[in-house]
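Any read-out appearing in this document is the output of simple, stated calculations on the displayed coordinates, not a laboratory observation. Quick caveat, the model's predicted, so the values are computed rather than measured. Because the Cβ atoms are built from the backbone with ideal geometry, glycine has one as well, and the counts that use them run over all protein chains shown.
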Amino acid sequence: MQRTQAMDGILGDLAAQTGELDGLLSGLDEAAWALPSGCPGWAVSDVVLHLGQTDEMAAASAEGRFGAAAAAFA
C-alpha cells in the first residue's frame, strides 16, 4: 500500500493520540487502574483493554487477517 499525504496526517494524529493516552496512563498505580471509569460498570483498565482490542482488530482488518484475529478473541 502506498502512503499518501492524507494517510500521513491520519497516522500523525493517531501517534499524537497515543502519546496523550500514554501520558494519562503512565503514572497510574494499581489502585488507579481499578477505579471506575466514565463508562458505567467499567474500570479504567477495562476501557484501556477495550481500546487495545479495538486497535488490534482494526490493524488485523487492514492487514487482511480479521478472521484470525476475531477467532483469537473468542
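Starting from the Cα-Cα distance between E30 and A74, subtract it from 0.36 nm times their residue separation and give me the gain in nm to one decimal.
On the way: separation 44, 0.36 × 44 = 15.84 nm, distance 2.72 nm.
Contour length minus Cα-Cα distance gives 13.1 nm.
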Once both label points are put 7 Å beyond Cα along the C-beta direction, the L51-T4 separation in nm becomes 2.8
Measure of compaction for the range 34-74 (Cα Rg per 2.2 N^0.38 Å): 1.39
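Which percent of the Cα-Cα distances in the chain go past 19 Å?
Values: 1402 of 2701 pairs.
Summing the P(r) tail past 19 Å for the chain gives 52 percent.
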Theoretical ellipticity at 222 nm over the chain - DSSP helices of four or more residues, -39500 (n - 2.57) apiece, nearest 500: -22500 deg cm²/dmol
